[in-house]
Amino acid sequence: MTYLLDTSACSALMKEDPKVINKLQTLSEVDTLAICPIVKGEILFGISMLPEGRKRQDLYEKAQKIFASMDCISVPESASYYYAAVRLKRQKQGLTMEGNDLWIAATVLALGAVLVTADHDFYKIDGLTIEDWTA
């Protein structure tokens, strides 16, 4: 199974959340742990918003180690169809969602992966398989 971490899950991993660490230890050799460029960009943006200094440097180094430990899967072309369908359905329901989150959801749907997130906005997307490793 492919598990794609969203920004909240990646942040929990960076904070060394014990529940996330325990879940990682239960993954099998055939499981794939991944992020996508959107999540990587959000993490790097968050770090870059911090003032220059030791904390920012430490977080950057921790992020780089985490990025190196997992696959970074590109957004497949087929995600565009999922993006359009999910965005349209949410709009008709009067629901909004941040653009990056829509693309993360579309990527997960296109890959047939499991989204690892603590963000409850994703739970309203049909067909999305979700696990919250922080719960």
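Throughout, read-outs are computed from the coordinates displayed, never taken from laboratory work. The shown structure was predicted, so the numbers you read here are calculated from the model rather than taken from an experiment. For neighbour counting, all protein chains shown are included, and Cβ atoms are generated from backbone atoms with ideal geometry for every residue, glycine included.
Key figures for this structure:
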| item | result |
| --- | --- |
| Charged-residue dipole, Cβ positions (Lys, Arg, Asp, Glu), the range 37-112 about Cα centre, Debye nearest 20 | 200 debye |
| Calculated [θ] (222 nm, deg cm²/dmol) that DSSP helices of n ≥ 4 give over the chain, each run adding -39,500 (n - 2.57) | -16500 deg cm²/dmol |
| Count of lysine pairs in the chain with Cα separation under 15 Å (8 or more residues apart, or interchain) | 8 |
| Estimated FRET transfer efficiency (A85, K65; beta-carbon r; R0 35 Å; 0.05) | 0.45 |
| Reported label for calculated Cα extents along the principal axes in Å given (1) 76, 37, 23; (2) 46, 37, 28; (3) 44, 36, 20 | (2) |
| By average C-beta atoms within 10 angstrom, highest first, the peptides 86-93, 9-16, 24-31, 41-48 | 9-16, 41-48, 86-93, 24-31 |
| Extension reserve of the F45-D121 stretch, reckoned as 0.36 nm per residue once the Cα distance is removed | 25.3 nm |
| 0 to 90° range, to nearest 10: angle between helix 54-68 axis and the chain longest Cα axis | 60 degrees |
| Normalised contact order of the chain, rounded percent, pairs of Cα under 8 Å and 6 or more residues apart | 35 percent |
